[in-house]
1. Determine which single condition ILE628 fails, assuming it passes every other condition in (1) part of a helix (DSSP H, G or I); (2) of a type outside the set (S, T, N, Q); (3) loosely packed, with under 15 Cβ neighbours inside 10 Å.
2. Which ones in the range 1-58 are open to solvent by 70 Å² or more (accessible area, probe 1.4 Å), in a loop (DSSP other than H, G, I, E, B) and basic (Lys, Arg)?
3. Given the criterion out of contact with any Pro (no Cβ under 9 Å at 6 or more places or on another chain), over 30 Å from SER495 (Cβ atoms), part of a helix (DSSP H, G or I) and not assigned by the TED database to the domain that holds ALA587, identify the matching residue among LEU324, LEU287, LEU292.
4. Does GLU584 qualify as being in contact (Cβ under 8 Å) with a residue 24 or more places away in the chain, among the acidic types (Asp, Glu) and closer than 30 Å to ARG413 by Cα?
5. Determine whether the range 312-319 contains at least one residue that is out of contact with any strand residue (DSSP E or B) (no Cβ under 8 Å at 6 or more places or on another chain) and either in a helix (DSSP H, G or I) or open to solvent by less than 10 Å² (accessible area, probe 1.4 Å) (or both).
6. Report every pair of residues separated by at least 6 positions or lying on different chains whose Cβ atoms are under 7 Å apart, first residue within the range 65-78 and under 10 Å from TYR4 (Cβ atoms), second of a type in the set (Val, Ile, Thr) and open to solvent by 20 Å² or more (accessible area, probe 1.4 Å).
7. Can you name every residue in the range 533-554 that is open to solvent by less than 40 Å² (accessible area, probe 1.4 Å) and part of a helix (DSSP H, G or I)?
8. Restricting attention to the range 296-311, report how many residues are assigned to a strand (DSSP E or B) and not aliphatic (A, V, I, L, M).
Amino acid sequence: MPRYTVHVRGEWLAVPCLNSTNTIGWLGKEAVRRYMKNKPDNGGFASVEEVKFYIRRCKGLGLLDLDDTVEDALEDNEFVEVVIEGDIMSPDFIPSQPEGVHLYSKYREPEQYISLDGNSLTTEDLVNLGKGLYKIKLTPEAEARVKQSREVIERIVKEQTVVYGITTGFGKFARTVIPNNKLRELQVNLVRSHSAGNKKLLGAFPFSAAASSGLVTKRVTVSGVGKPLSPERSRMLLALRINVLAKGYSGISLETLQQVIEAFNASCLPYIPEKGTVGASGDLAPLSHLALGLIGEGKMWSPKSGWADAKYVLEAHGLRPITLKPKEGLALINGTQMITSLGCEAVERAGAIARQADIIAALTLEVLKGTTRAFDTDIHAVRPHRGQAEVAFRFRSLLDSDHHPSEIAESHRFCDRVQDAYTMRCCPQQGKVLVSTLAGFLGHLFCIDAKTMNWGKMVFAERAETISGGNFHGEYPAKALDYLAIGVHELAAISERRIERLCNPSLSELPAFLVTEGGLNSGFMIAHCTAAALVSENKALCHPSSVDSLSTSAATEDHVSMGGWAARKALRVIEHVEQVLAIELLAACQGIEFLRPLRTTTPLEKVYDLVRSVVRPWMKDRFMAPDIEAAHRLLVEQKVSVWEVAKPYIEKYRREHIPESRPISPTAFSLGSLEMNTGVSHDHRHQDEL
């Protein structure tokens, strides 16, 4: 018998369909009837017949025709939503889909697998798992280790040995011994109690009825504090948890671990609030919410269902809620996987935006008619930081006008300016070298943490012993992520100053705010204000969270890392940096318009063409937010990005070992030019004296 899960005013109802000729309208009425039956006041309605509604799919939010038959319009156990006319939604109401619903309506289950052994996962692998590109399976070696560690737990339970978290309470209750017949209940209670907090979410309610009769609004109670993690981040967190469980030190059973993997592969993702971890005894609150959904309680999301009660989502995918065995609740919630998973995303995104910041800065330097002499190999050889030399090399590969002839560079061959501002000539020494160095260091750190057992209670099968330690403390990643936020912020701080130079006619020799008919048009005036606002916000976000600590758990956890906030604010800083650089990219391309018909170097023309494929030139004022969003996508999408367009030219320049061009400058002192007595020889770019 087909059955459908219907969402009505914050409640989920299972509605069986006995007749193949039943219509979508019938399904809606039956769901409303069941909803009214559960309400003392019939939900504020006199009868089902007076209720006007429409029905939409939870996946994609597509509207359904009320006259279509259920059999023709829906798949068995599909999730739909009844929207009652006159209802309004609170801004806090959990939608049936997260932000970016159009992306999930196109979701296709991946066909390829990544085999996890607990030791080989990289940050790039984890980000790809978050994007839903792969399913997960365990290696045979991992399965064997998991079985061996579980045998230790079974022996402890059988022999009734007193061991913390297995046969005792937790924290302050560590000396309370739990009888064998309560050990499963102990684990479930652990998960429930640690899913801490209580966020009240307003459901839909009839506005007119509430206003006229004082009807009390319906509230949906969902455990947790803050918005839920996005599906991508929830997948990363779940995948990372599976990876560390695969190492075989947790005591989880293979059966339970396989159930966790099945939930991941079906993209059944529990409601995990972004706030609530202090990053000390692991990320207890977020991971407890993760476990709560897996045992069939709380909320869960999947591309098929949208947000719904976890038990319905699991059932819709043919999955059973996990029944926790002794130690398994603790195995699922103790660890720093939220800090680490978000940290892996931060590392990947910081590295990507740092590379692209070089390309955008080179384009701005070209528009402002700057010099490449500040990127001379010898300058950077005497201060031999690897990141600094690499950034200087990228600038040369993009701007070398002998290799990629630039008509713009040729146009100021006889320029008499002496030097450029720091935000152009000091790019190799500024934020990008810090970020590139950090990305390497952090990539190594998070690769280790992604494969590390960061539990308190660890099971060593070869010793047939459990030992309590402190690997769950998030101090390492918290400090590193605070440092990363400070480093990557500099990219935006420097970029905002270059945007100012592009928009300021006294500095750029371009029209004010990069627009014709200034006054009638404002051009990039407020876009620059937006960049300045984001940079200012980042300054506050760069205050280190890891310098703070508050004692918790009755002074047992008397020093904590605050690593969860370090990870979340690092990602916010990175997002702001991406947006500021997107504005600079638009401004630099707009500057090119005022230098036409002159052309820049080949690689930078390709970058310009990429931008113009999604954003047209700014001839007069228009709605700018979509342009900024389009440019932002060019910086964050992997397939078609600014980096992917410029990278082939950078690598070709590297492979061919092209000799560096160093023509003599009219403003530089040169023994060669004196000896040759040739007078003044002109550089195609002005040269720094200092």
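1. (3)
2. Residue satisfying the conditions is LYS52 alone.
3. LEU287
4. Yes.
5. We begin by selecting, within the range 312-319, every residue out of contact with any strand residue (DSSP E or B) (no Cβ under 8 Å at 6 or more places or on another chain); these are 315, 318-319.
Restricting the remaining residues to those that are either in a helix (DSSP H, G or I) or open to solvent by less than 10 Å² (accessible area, probe 1.4 Å) (or both) gives 315.
Yes - at least one qualifying residue is present in the range 312-319.
6. Filtered contacts from the range 65-78: VAL70/THR23.
7. Once the filter is applied, which keeps residues that are open to solvent by less than 40 Å² (accessible area, probe 1.4 Å) and part of a helix (DSSP H, G or I), the range 533-554 yields LEU534, VAL535, ASN538, LEU541, SER545, SER546.
8. Start the filter on the range 296-311 by keeping residues that are assigned to a strand (DSSP E or B), which leaves 299-302, 306-309.
Applying the additional criterion that residues be not aliphatic (A, V, I, L, M) yields 299, 301-302, 306-307, 309.
Number of matching residues: 6.
The values are calculated or read from the model by the stated rules, or taken from the named source; none is laboratory data. This is a predicted model, so every value here is computed, not measured. Neighbour counts run over all protein chains shown; Cβ positions are idealised from the backbone, glycine included. For accessibility, only protein heavy atoms count, side chains too; no ligands or nucleic acids. Shrake-Rupley method; radii C 1.70, N 1.55, O 1.52, S 1.80 Å.
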